Amino acid sequence: MAIEILSPGILTTIQDLGRPGYYHLGIPMGGAMDRLALRAANLLVGNPEGAAGLETVFMGPDLEFTEDATVAVCGADLPPTVNGAEQPSWTAFDVKAGDVLGFDYLRSGARAYIAVSGGIETPPALGSRSTYAIGALGGLKGRALAAGDSLPVGTTKAAGRSGRSVPPALRRGPKPAPELRMLPGLYWHRVTQSSQDAFFEDAWKVANEADRMGYRFQGGRMMEFVEREQPFGAGSDPSNITDACYPYGSVQVPSGAEPIVLHRDAVSGGGYFMIGTVISADMDLVGQLQPNTTMWFVRTDMESALAARAERSAILAALREAVA
Amino acid sequence: MSCRYAFGGNEHLFVEVDEAMSLEAFFVSLAITNTLRGAAIEGITEICPANASFQVKFDPDRIHPSRLLDVVKEIESDAAGADSRLDTRIIEIPVYYQDPWTHETLMRFRERHQDPDSTDIEYAARINGYGDVGAFVEAHSGAPWFVSMVGFVSGLPFLYQMVDRPRQIQVPKYLRPRTDTPKLTVGYGGCFSCIYSVRGAGGYQMFGITPMPIYDPAQRVSYLRDFMVFFRPGDIVKWAPIDRAAYDAAVEAVAEGTFEPRVRSVTFDLDEFNADIDGTNARLMEALHGD
């Protein structure tokens, strides 16, 4: 069984739940930016939640199937089509040998996840099939998909799953004015109180530089730094620090101008100060923000972050039950 | 030296040993992270040492953040009297300084540089008080370097020179980062050298290039078959200047699978180093070349 790539869309990569364990060597965990959407798509077609699927951004690919299979598309509202006929999202449907899975225009969100019964079975690298293009690791030859590629698919069939659907209450898309909850910390003390307040007061827009490594935001006020003599080794700009590790979700602000939220393919460290970290419960949402979206950062604390995480776990548990 | 603790969201604990870079801070970071790794604490999923700090990634479903904080603080106090000795390896890395490939790249990004009328290495030599590039290369390659962090991208080492602070080379990063850097460029930013493991964006000044791959996801390079990343924190590096002919020969040897990096086991003692820097470095060179 294989999937032939007729057209790759703008950027389609093989992703699973990633390869934690190598960040200390500069290799990020990677994996689906919207993990819940990938899990949902896999559950719908009867795969293990961590099976490899496809992550596609803004404009979907055209895929031809060499054998019958069951497919599900979750995440962004990017309506799937089979031979041109629209299919429901967040729902398993069957495709036959020779069918072409395509996509209509993106309606909301940014990234859709395509799961196929049996899962994509390219060779794993460091325990994962996720594509880390910067390091030419994983996926198909370490890169995004191209026309003419052929993807091996596992043999497990998902007979009888067609029509299974994630209940609408458990589907999460971005809201019109999204909020990302941030726990202040790290080098938060490097900016003045008024800059700290401004960061949460200002509306920010998602910049065009928004990819698997990180999302840049524009439109808020420049930050003012607390004066200090720069420590040895840090560099001369007040936003510089002695190169340190960057948490996933950390918010760095080079020169105090445009915040960048690091995501699944994060650079593991560097010399820019960070003002805090987007909480784990909101990381999936980052991957669904389109450029030019207006959004806000919201201040949170550890207790609320852990409560939000528990809520996300409860949604996943409900989803597992709903599609079992 | 007392550590500063800060949570990075609900999955990371960031620990700053010192704001400034020093071998002492790096050794404390290495000692705590090694002890922490050995302790195998339930819920800690990744431990990342950096230059003068480190980061612990944890699963808050398995260990509460406040409990984790207590555990790491306890290990910090245990590590305070840590052994100043480190069993590690010393590696010779050939460098072709002022090579044509980084030169071509730096010329393309001149408008992002502090001094558009000179090359990166000419600029670095001048602002560090060296009369010419030759003297600067001698300083850069004369004393060994500690790998004080591996990261940014796949397997990229940050290196800190093993000399006293007045002799440390310092160079600012580019005014705006380049969008391109050749693979295996030997770079410099702040007080750190680095080797770019892959081609890509970068802000460090470019001094030269090494023929020796340090990251190979396909694991075809003979000495990277066991693991795709060459460096680990704590490695000691000595740059060996080479010319074009030696560079070409090394590239060919890598392709043929016959290139073997010169690597020797050494024990480094920080107290001994601080008492006699040049003497300690001379002994390290003997270990590297003594057979």
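The values are calculated or read from the model by the stated rules, or taken from the named source; none is laboratory data. Computed from a prediction, not measured in an experiment: that's the story for all the values here. Note that each Cβ is placed from the backbone with ideal geometry, even for glycine, and that neighbours are counted across all protein chains shown. The protein model used for the area step is the full one, side chains on, heavy atoms only, and it has no ligands, DNA or RNA in it. Shrake-Rupley method; radii C 1.70, N 1.55, O 1.52, S 1.80 Å.
Computed quantities for the displayed model
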| item | result |
| --- | --- |
| Loop trypsin sites (Lys or Arg not before Pro), region A:188-283 (other Cβ atoms within 10 Å of the site Cβ: 16 or fewer; DSSP) | A:Arg221, A:Arg228 |
| Accessible-area ranking of B:Asp99, B:Asp269, largest first, probe 1.4 Å | B:Asp269, B:Asp99 |
| Surface accessible to a 1.4 Å probe, A:Leu137 within the full protein complex, Å² | 0 |
| For a label point 7 Å along the Cα-to-beta-carbon line of A:Ala310, residues of region B:30-74 with backbone N under 17 Å | B:59-67 |
| Two-site FRET efficiency, A:Thr155 against A:Arg320, from Cβ-Cβ distance with R₀ of 25 Å, rounded to 0.05 | 0.60 |
| Region B:1-109 - charge dipole about Cα centre, Lys and Arg +1 at Cβ, Asp and Glu -1, debye rounded to 20 | 80 |
| Distance violations [Cα-Cα > 29 Å] among A:Lys141/B:Lys183; A:Lys141/A:Lys175; A:Lys175/B:Lys173; A:Lys141/B:Lys238 | A:Lys141/A:Lys175; A:Lys175/B:Lys173; A:Lys141/B:Lys238 |
| Shielding score for B:217-228, defined as the mean number of other chain Cβ atoms within 10 Å | 2 |
| Accessible-area value, B:Thr280, 1.4 Å probe, nucleic acids and ligands omitted, Å² | 10 |
| Listed residues B:Val254, B:Gly9, A:Pro152: farthest to the positive end of the dipole of the protein assembly as shown (Cβ charges) | A:Pro152 |
| Nitroxide proxy distance, nm - points 7 Å out along Cα→Cβ at A:Asp62 and A:Arg107 | 2.3 |
| Pairwise centroid distance, computed over Cα atoms, of region B:206-278 with region A:23-86, Å | 40 |
| Estimated inter-spin distance, A:Thr81 and A:Ile10, nm [label 7 Å along Cα→Cβ] | 1.9 |
| Whichever aspartates and glutamates have a C-alpha closer than 14 Å to that of A:Lys96, once near sequence neighbours (fewer than 8 apart) are set aside | A:Glu4, A:Glu64, A:Glu67, A:Asp68 |
| Radius 11 Å from Cβ of B:Ile93, net charge of other residues (Lys, Arg +1; Asp, Glu -1) | 0 |
| Length-normalised contact order of chain A in % [C-alpha pairs under 8 Å, at least 6 apart] | 20 |
| Accessible surface ranking that places the most exposed of A:Thr156, A:Thr131 first, with a 1.4 angstrom probe | A:Thr156, A:Thr131 |
| Farthest toward positive dipole pole in the protein assembly as shown [+1 Lys/Arg, -1 Asp/Glu at C-beta], among B:Leu288, A:Ala85, A:Ala234 | A:Ala85 |
| Cut-off under 5 Å, modelled amide H: who pairs with B:Val266 long-range | B:Thr88, B:Arg89, B:Ile90 |
| Estimated 222 nm signal from helices in the protein assembly as shown, with DSSP H stretches of n ≥ 4 weighted -39500 (n - 2.57), rounded to 500 | -7000 deg cm²/dmol |
| Length-normalised contact order for region A:49-162 - Cα pairs under 8 Å, 6+ apart - percent | 29 |
| Net dipole in debye of the protein assembly as shown [+1 Lys, Arg Cβ; -1 Asp, Glu Cβ; about Cα centre; nearest 20] | 1280 |
| Selected from B:Ser84, B:Ile63, B:Pro116, residue furthest toward positive end of dipole (region B:1-157; charges at beta carbon) | B:Ile63 |
| Trypsin sites (Lys or Arg not before Pro) lying in DSSP loop within region B:262-291, provided at most 13 other Cβ fall within 10 Å | none |
| Solvent-accessible area of A:Met59 with every protein chain in place, 1.4 Å probe, in Å² to the nearest 10 | 100 |
| Chain B, dipole about Cα centre (Lys/Arg Cβ +1, Asp/Glu Cβ -1), debye to the nearest 20 | 720 |
| Acute angle (nearest 10 degrees) that the helix B:277-289 long axis makes with the longest principal axis of chain B, alpha-carbon atoms | 70 |
| Estimated FRET transfer efficiency (B:Ala80, B:Arg167; beta-carbon r; R0 35 Å; 0.05) | 0.80 |
| Using alpha-carbon coordinates, inclination of helix B:133-142 to the longest axis of chain B, degrees | 40 |
| Kyte-Doolittle mean at least -1.0 and Cα axial length at least 15 Å: DSSP H helices in chain A | A:302-323 |
| Sequence of A:Thr155, B:Thr33 when ordered by accessible area, the most exposed leading, probe 1.4 angstrom | A:Thr155, B:Thr33 |
| Euclidean distance of C-alpha centroids, region B:155-197 and region B:35-109, integer Å | 18 |
| Cleavage-rule hits, GluC sites (Glu not before Pro), region A:19-118, DSSP coil, Cβ neighbours within 10 Å at most 16 | A:Glu67 |
| Around B:Ala125: net Lys/Arg minus Asp/Glu count, Cβ-Cβ under 15 Å | -4 |
